[in-house]
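What follows is a short report on a single structure.
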Ligand SMILES: [Fe+2]
Ligand SMILES: [Fe+2]
């Protein structure tokens, strides 16, 4: 990358996300899944499948290390998790509320749509939110399954093809365990959220192999790693805790795969090429933030999303949760040089959505080994 190149004009919000004001709630809510009964979604995958005849294993040492690590870190979703555990979803919601994750009694909600709510409604909200959250993670996991299969085809490096192949297996296992948890332990599922669906479509449709990495490994998986970590820490439900522990040990490798691969690739890109990556990262950040408005939950509860979301958005624990989702994405974007390329456009954008303060947290290229399962932890057949 040359430093003398003029900074190209960055795209506007309207060009990136289809609306002038990124925070326009009415426009955000106007996007909804209109195809909720379909069981199949077909998306054009515009990329070429790439063969490489260079079989020099270990030419990229950090990727080879990840691949070797992945081979010995496989676990079995059927036998390593204790599916005999009964889950009392309402008790889980009550425990979350007691831990301060719900709406506390001392908040003044008079004059809001929640003024007449009692314990039953709050419990129902907790239950629906959990059904919704895990459903979206399930759909995101399937997105990762498809994207890593695509990376096996499109990335030109043999070490990356090897590693991505292990990730395809990891993601199959994640889809399997989230689907089983939802279907056997919870009380309902939700179709894919429209904002998440649009993002997954964009990632799959892009013809450039590194965009699959950026959209999936850095943005979607970076958010998932942060969210799983938060849920793992907070939940008192032993089966979900164990499931998340196992999934996170894989996810940390996946995000590291993205960081380590793109770090090398981005060093050879021009400012104009990096600009497109910055814009894509910002689009993905907005789509994921918008998805967490969980508009489908409010609709299922018979509430108007337009009326309740502004009330919920003001709650401090909600703001904290929303920001926490970016604790992995922002330092990883920094490590890749995306924050400061093009006169710091993405730094400014992340500032506007209130997440730039995470830039100096650990990046996953360095910290992934911390998440590894301990010797004997997988395969024990018993929850920790
Ligand atoms: Fe996954
Ligand atoms: Fe993953």
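What follows draws every value from the coordinates through simple rules; no lab data is involved. Here the structure is a predicted model, which is why all the values come from computation and not from measurement. Virtual Cβ from ideal backbone geometry, glycine too; neighbours counted across all protein chains shown.
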Computed over the stretch 19-159: relative contact order in percent, which uses C-alpha pairs under 8 Å that are six or more apart
51 percent
Hey, in the GNM for the chain with a 10 angstrom Cα cutoff, which one of 113, 238, 331 fluctuates hardest?
113
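For the residues 169, 219, 211, what sequence is obtained by ranking on other C-beta atoms within 10 Å, fewest first? Each step should come with its number before you reach the end.
On the way: 169 15, 219 28, 211 19.
Least crowded to most crowded, the residues run 169, 211, 219.
Let me have the 222 nm mean residue ellipticity of the chain computed from DSSP H runs of 4+ only, each contributing -39500 (n - 2.57), with the sum over all residues rounded to the nearest 500.
Working: 17 runs with 222 residues, N = 384.
Helices in the chain give a 222 nm mean residue ellipticity of -18500 deg cm²/dmol.
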Exposure proxy check: 139, 232, 20, 37 ranked by fewest other beta carbons within 10 Å?
37, 20, 232, 139
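Determine, from the Cβ-Cβ distance of residue 55 and residue 15 and an R0 of 30 Å, the FRET efficiency 1/(1 + (r/R0)^6), rounded to the nearest 0.05.
On the way: r = 42 Å, r/R0 = 1.40.
Rounded to the nearest 0.05, the efficiency is 0.10.
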Which residues does the label zone of residue 361 cover in the stretch 225-252, counting backbone N under 11 Å from a point 7 Å along Cα→Cβ?
225-230
Note down the nm distance, to one decimal, between modelled labels 7 Å out along Cα→Cβ at residue 115 and at residue 48.
6.5 nm
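Could you please tell me the mean projected area of the C-alpha convex hull for the stretch 119-375, averaged over all directions and given in square nanometres to one decimal? Show your work: numbers first, answer last.
On the way: hull surface 56.0 nm².
Averaged projected area of the stretch 119-375's Cα convex hull equals 14.0 nm².
So for the chain, averaging the separation of alpha carbon pairs under 8 Å that are six or more residues apart and normalising by length, what relative contact order in percent results? Kindly include the intermediate steps, with their values, before the conclusion.
Values: 465 pairs, mean separation 99.8, N = 384.
26 percent.
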By counting other Cβ atoms within 10 Å of each Cβ, how are 206, 290, 24 ranked from fewest to most?
24, 206, 290
Just report the Cα centroid separation between the stretch 28-43 and the stretch 132-200, whole Å.
17 Å
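Rounded, prolate or oblate: which one fits the stretch 250-384, using the alpha carbon gyration tensor with axes a ≥ b ≥ c (rounded when a/c is under 1.5, else prolate when a/b beats b/c, else oblate)? Working shown, then result.
On the way: a/c = 2.29, a/b = 1.11, b/c = 2.07.
Because a/c hits 1.5 or more and a/b fails to exceed b/c, the stretch 250-384 counts as oblate.
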